[in-house]
Amino acid sequence: MSLACRTFETRVGEELFGIKIDYEREYVVALAGNPNVGKSTLFNNLTGMKQHTGNWPGKTVANARGVCRYKDKEYVMVDLPGTYSLMAHSQEEEVARDFVCFARPDAVIVVCDATCLERNLNLVLQTMEISKNVVVCVNLMDEAKRKRIGVDTYKLSKMLKVPVVGITARKKSTLKSLLETMSVIVDKEEKTQDFMIKYPEPIERAIAVLEPVVSRKIDHIDSRWLCLKLLDNDESIMKSIENFLPINPFEDGEVASGLEIAYKILEESNISKEDLSDIIVSSIVRQAERISKSVVFYEDEKYVERDRKMDRIITGKYLGYPLMMVLLFVVFWITIRGANYPSAMLARFFFFLEERITYFFELVNAPNWLHGILVLGVYRVLAWVVSVMLPPMAIFFPLFTILEDLGYLPRVAFNLDKYFKKASSCGKQALTMCMGFGCNAVGVTGCRIIDSPRERLIAIITNNFVPCNGRFPTLIAVITMFFTGYLTGLTGSLVSSLILTLVIVMGVVMTFLISGLLSKTILKGVPSSFTLELPPYRRPQVLKVIVRSIFDRTLFVLGRAVIVAAPAGAIIWMMANIHVGGETLLGISADFLDPFGKLLGLDGVIVLAFILGFPANEIVVPIIIMAYMAQGSLIELGSLSELKELLVANGWTLTTAISMMLFTLFHWPCSTTCLTIRKETKSIKWTVLSFAIPTLVGIGVCFIFASTVRLLGLIINT
């Protein structure tokens, strides 16, 4: 395709897909493929970017853009969402199909998994129907070799009549042949597609009748493929055609007449509109199977037996759920046990540094209020956030990423699907819950992998019941102070991990309950069926996992928390030090909220801390501490025992601690998550409900617990 012929594409690329391209210098290359074939890894190595990768479906849920330079040319690489089909049954399938179809990239690289090529060929054939610029990239050749699977890429290229390149995406040294092939494809002036999927004879005759009319009306899309979509009456592609094309073929009289004749041909062969879609899919699957059998060779026919044996254990009826609990417990135990010492070291370092900063302020005769805002407010809140958040995240995220790379997370979704189905929701929700452990906003974005709009809304609304990284430190601190503080060493960390695991399970149970309630009320419906790939088990690259987790997740999340915590520290210090009528603004606000807080087993300070902590959950505990301190500044973090003494001196009991944990688990999402919900749902109504439902659950659970404790106290006293 020459650069001179791209007026239509320029409009599409810049306005409809949000990708700004200099068409004088850059070519557009789309990366398509099934989930979990290494597409994002290839994208990273070609562009030098850091798109997060993982061994489970749904990691990419939107187009990512990067630039690759090769032989003095610039290629805009677009990483499309992983999809099994271009027949668009979900949002990510629509995004991938519309980009390939309407943005008309100069080349489409379809990434396949060498260890399961047959399943991947379905997408290859569908893509070839739309685009004449296809390159088949067979990835994971090293995995195939390890499993003693051979793929004849030369023969595959001959059969498909398109370039086929075998690579290992994580090894840059294997990518040169792909880059060379890509360069040749985009330079070709005349692009033809010699391979054609053969359909049953009646369908071919129907296409032959309709295609001449369609090709005269529209030249932006492959006319044969568009005829199939018109015959299939695909509503999704119809909407996209109306949005993207300058002509609507459905309003054209000639096209309507051609369709009428084509349908008569099908009816004469007893092919109904309902049967047509199944016949089209079956034809593609059969040809993919035929091609695969010709080019894939197995030295060991039982190569998958090990994975199947492991799956019988991991997804088994009796061991699947206990194993999930044990793994969750082990991850939390390593996190809690490993975070104690670096947290204490960071705290000592930050407060040693504070002494030096304070000395500097004294040296320059800075006013007390400036020292108070910047050091006792901003700096101390930041010191708390970094010293308490960084160590657990630096441990938890790599452990979690190792489970991703192993391929365990899809097994979690498989195990939990039965319970989500009982709640009339989708098993893929388990994957979005896992994403929520890092950040609920990311979990909400991940809900795009759920096909049904109804089930997607349920997953968005309930994602907050999984505690994010900002709530973990609070839960761990409260558990340590009030439940395991008297235990030392290994015993204390084991008990803390067990309690934290039970708290997380409580959040999962609440997810099921609220999902079921929503399915029977405002989001009525039956659960949809879905396809979820169980990827092969893979050896995780531990060093790469650690580096990627620290830079892509830990530091990113910590940076966001710091940005919020810095101004919050200044505001909190001012509220704690500005007096009105002999009382601080913080104290006045806390006193006003105190009666409501007592009903929930909390107090006004805790409720106020949660309200002021709306921008970020990480600052809730610093607000509580500053409100309790008479001097209106954060105490030095000598130990959690000192913090417990402060809390107990301000009326905390075991009931307060439990209510604090419950409200931490069940309360409104943070501001970032709310903004993400608004963006994803494009609705104020659903954003408000996503805020209100967990808030009401948190208030209700805490009220019931506190009332029960009060009632039991009265019974015992009488």
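The values are calculated or read from the model by the stated rules, or taken from the named source; none is laboratory data. What you are looking at is a predicted structure, and each value in this text was computed from that prediction instead of being measured. With ideal geometry, Cβ positions are generated from the backbone for all residues, glycine too; neighbour counts draw on all protein chains shown. SASA here: full protein model, heavy atoms, side chains in, ligands and nucleic acids out. Shrake-Rupley method; radii C 1.70, N 1.55, O 1.52, S 1.80 Å.
Can you tell me which residue is nearest to Ala565 (Cα to Cα) among those in region 652-674 that are modelled with pLDDT of 90 or more, open to solvent by 30 Å² or more (accessible area, probe 1.4 Å) and assigned to a helix (DSSP H, G or I)?
Per the stated criteria, the residue is Ile658.
In the set Ile550, Ile514, Ile563, Ile522, which member is among the hydrophobic types (A, V, I, L, M, F, W, C) and modelled with pLDDT under 75? If you could, list the steps in order and put the result at the bottom.
Working: Ile514 fails: modelled with pLDDT under 75; Ile563 fails: modelled with pLDDT under 75; Ile522 fails: modelled with pLDDT under 75.
Of Ile550, Ile514, Ile563, Ile522, the one residue that is among the hydrophobic types (A, V, I, L, M, F, W, C) and modelled with pLDDT under 75 is Ile550.
Considering only region 145-160, I want to know if a residue exists there that is open to solvent by less than 10 Å² (accessible area, probe 1.4 Å) and either free of Cβ contacts under 8 Å to residues at least 12 places away in the same chain or within 29 Å of Leu226 (Cβ to Cβ) (or both). Even if it seems obvious, please write down each step before you answer.
Quick first cut of region 145-160, residues open to solvent by less than 10 Å² (accessible area, probe 1.4 Å) only: 156, 160.
With the extra rule that they be either free of Cβ contacts under 8 Å to residues at least 12 places away in the same chain or within 29 Å of Leu226 (Cβ to Cβ) (or both), the set shrinks to 156, 160.
For region 145-160, residues open to solvent by less than 10 Å² (accessible area, probe 1.4 Å) and either free of Cβ contacts under 8 Å to residues at least 12 places away in the same chain or within 29 Å of Leu226 (Cβ to Cβ) (or both): present.
Name the pairs: first residue in region 439-458 and more than 12 Å from Ser515 (Cβ to Cβ), second residue open to solvent by less than 10 Å² (accessible area, probe 1.4 Å) and hydroxyl-bearing (Ser, Thr, Tyr), Cβ to Cβ under 7 Å, at least 6 apart or on different chains?
Asn440/Thr673; Ala441/Thr673; Gly443/Thr432; Val444/Thr673; Gly446/Thr432; Cys447/Thr432; Asp451/Ser90
Any idea which of (1) over 23 Å from the mean Cα position of the chain (by Cα); (2) open to solvent by 10 Å² or more (accessible area, probe 1.4 Å); (3) closer than 29 Å to Ala339 by Cα is the one Ser496 doesn't satisfy?
(2)
In region 314-333, what count of residues is obtained for those that are loosely packed, with under 12 Cβ neighbours inside 10 Å and either within 23 Å of the chain's Cα centre (by Cα) or in a helix (DSSP H, G or I) (or both)? Please lay out each step first, then the result.
Keep residues of region 314-333 that are loosely packed, with under 12 Cβ neighbours inside 10 Å, which gives 317-318, 322.
Cutting the leftovers down to either within 23 Å of the chain's Cα centre (by Cα) or in a helix (DSSP H, G or I) (or both) gives us 322.
Matching residues across region 314-333 total 1.
Just to be sure, is Glu94 modelled with pLDDT under 55, open to solvent by 10 Å² or more (accessible area, probe 1.4 Å), of a type outside the set (Val, Ile, Thr) and farther than 20 Å from Glu143 by Cβ? Spell out how you get there, then give the answer.
Numbers: modelled with pLDDT under 55: no; open to solvent by 10 Å² or more (accessible area, probe 1.4 Å): yes; of a type outside the set (Val, Ile, Thr): yes; farther than 20 Å from Glu143 by Cβ: yes.
No; evaluated as a whole, the condition is false for this residue.
Does region 505-513 include one or more residues that are among the aromatic types (Phe, Trp, Tyr), open to solvent by less than 30 Å² (accessible area, probe 1.4 Å) and either closer than 30 Å to Ser85 by Cα or assigned to a helix (DSSP H, G or I) (or both)?
Of the residues in region 505-513, the ones among the aromatic types (Phe, Trp, Tyr) are 512.
Now narrow it down to the ones that are open to solvent by less than 30 Å² (accessible area, probe 1.4 Å): none.
No.
Conditions (1) over 20 Å from Trp652 (Cα atoms); (2) more than 31 Å from the chain's Cα centre (by Cα), marked per residue:
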{"residue": "Ile578", "(1), (2)": "yes, yes"}
{"residue": "Leu593", "(1), (2)": "no, yes"}
{"residue": "Phe596", "(1), (2)": "no, yes"}
{"residue": "Ala609", "(1), (2)": "no, no"}
{"residue": "Phe614", "(1), (2)": "yes, no"}
{"residue": "Val620", "(1), (2)": "no, no"}
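Could you tell me whether any residue of region 220-228 is open to solvent by 40 Å² or more (accessible area, probe 1.4 Å) and either in a helix (DSSP H, G or I) or out of contact with any Phe, Trp or Tyr (no Cβ under 9 Å at 6 or more places or on another chain) (or both)?
Step one: filter region 220-228 for residues open to solvent by 40 Å² or more (accessible area, probe 1.4 Å), giving 220.
Going one step further and asking which of them are either in a helix (DSSP H, G or I) or out of contact with any Phe, Trp or Tyr (no Cβ under 9 Å at 6 or more places or on another chain) (or both), we end up with none.
No, there is no match, as no residue in region 220-228 is open to solvent by 40 Å² or more (accessible area, probe 1.4 Å) and either in a helix (DSSP H, G or I) or out of contact with any Phe, Trp or Tyr (no Cβ under 9 Å at 6 or more places or on another chain) (or both).
Would you list the helices (runs of 4 or more DSSP H) that sit entirely within region 557-631 and hold 2 or more residues that are touching a helix residue (DSSP H, G or I) at 6+ places or on another chain (Cβ under 7 Å) and under 24 Å from Phe472 (Cβ atoms)? Even if it seems obvious, please write down each step before you answer.
On the way: elements: 585-599, 604-612, 620-628.
Once the helices (runs of 4 or more DSSP H) in region 557-631 are filtered for at least 2 residues that are touching a helix residue (DSSP H, G or I) at 6+ places or on another chain (Cβ under 7 Å) and under 24 Å from Phe472 (Cβ atoms), what remains is 604-612, 620-628.
Taking region 444-463 as the search range and keeping residues that are among the small types (Gly, Ala, Ser) and modelled with pLDDT under 85, which one is farthest from the chain's Cα centre (by Cα)?
So in region 444-463, the residues among the small types (Gly, Ala, Ser) come out as 446, 452, 459.
With modelled with pLDDT under 85 added as a condition, the list becomes 446, 452.
Details: Gly446: 3, Ser452: 17 Å.
In this case the residue turns out to be Ser452.
Restricting attention to region 264-313, and to residues there that are over 22 Å from Tyr199 (Cα atoms) and acidic (Asp, Glu), which single residue is surrounded by the fewest Cβ atoms within 10 Å (Cβ to Cβ)?
It comes out as Glu301.
Being assigned to a helix (DSSP H, G or I) and crowded, with 21+ Cβ neighbours inside 10 Å: is that true of Pro467 here?
On the way: assigned to a helix (DSSP H, G or I): no; crowded, with 21+ Cβ neighbours inside 10 Å: yes.
Here the answer is no, as Pro467 does not meet what is asked.
Go through region 113-142 and report how many residues are touching a residue at least 40 places away in the same chain (Cβ under 8 Å), of a type in the set (Asp, Glu) and open to solvent by 10 Å² or more (accessible area, probe 1.4 Å).
Residues meeting the conditions: 2.
Go through Gly601, Gly597 for me and flag whichever is open to solvent by less than 50 Å² (accessible area, probe 1.4 Å), among the small types (Gly, Ala, Ser) and in contact with a Cys (Cβ under 8 Å, 6 or more places away or on another chain).
Residue meeting the stated conditions: Gly601.
Select from region 425-449 the residues that are β-branched (Val, Ile, Thr), in contact with an Asp or Glu (Cβ under 9 Å, 6 or more places away or on another chain) and open to solvent by less than 10 Å² (accessible area, probe 1.4 Å) and list them in ascending order. Spell out the reasoning first.
Just the residues of region 425-449 that are β-branched (Val, Ile, Thr), to begin with: 432, 442, 444-445, 449.
From the residues that got through so far, the ones that are in contact with an Asp or Glu (Cβ under 9 Å, 6 or more places away or on another chain) too are 444-445, 449.
Within region 425-449, Val444, Ile449 qualify.
Enumerate the pairs (first residue in region 220-238 and hydroxyl-bearing (Ser, Thr, Tyr); second residue anywhere and assigned to a helix (DSSP H, G or I)) with beta-carbon separation below 7 Å, excluding pairs fewer than 6 apart on the same chain, so at least 6 apart or on different chains.
Ser223/Glu211; Ser223/Val214; Ser223/Ser215; Ser236/Glu94
Just checking, does region 351-360 include any residue being touching a Leu at 6+ places or on another chain (Cβ under 7 Å), touching a residue at least 12 places away in the same chain (Cβ under 8 Å), open to solvent by 40 Å² or more (accessible area, probe 1.4 Å) and more than 30 Å from Lys198 (Cβ to Cβ)?
Taking every residue of region 351-360 in turn, none turns out to be touching a Leu at 6+ places or on another chain (Cβ under 7 Å), touching a residue at least 12 places away in the same chain (Cβ under 8 Å), open to solvent by 40 Å² or more (accessible area, probe 1.4 Å) and more than 30 Å from Lys198 (Cβ to Cβ).
Being open to solvent by 10 Å² or more (accessible area, probe 1.4 Å) and assigned to a loop (DSSP other than H, G, I, E, B) is the filter; apply it to region 61-85 and report the residue that is modelled with the lowest pLDDT. Reasoning before the result, please.
Step one: list which residues in region 61-85 are open to solvent by 10 Å² or more (accessible area, probe 1.4 Å), which gives 61-65, 67, 69-74, 82, 84-85.
Applying the additional criterion that residues be assigned to a loop (DSSP other than H, G, I, E, B) yields 61-63, 71-72, 82, 84-85.
Numbers: Val61: 45, Ala62: 54, Asn63: 62, Lys71: 82, Asp72: 80, Gly82: 79, Tyr84: 78, Ser85: 79.
Among those that are open to solvent by 10 Å² or more (accessible area, probe 1.4 Å) and assigned to a loop (DSSP other than H, G, I, E, B), it is Val61.
Could you say which residue among Ile623, Ile606, Ile635 is buried (at least 24 other Cβ atoms within 10 Å of the Cβ) and at pLDDT below 90?
Details: Ile606 fails: at pLDDT below 90; Ile635 fails: buried (at least 24 other Cβ atoms within 10 Å of the Cβ).
Unique residue meeting the criteria: Ile623.
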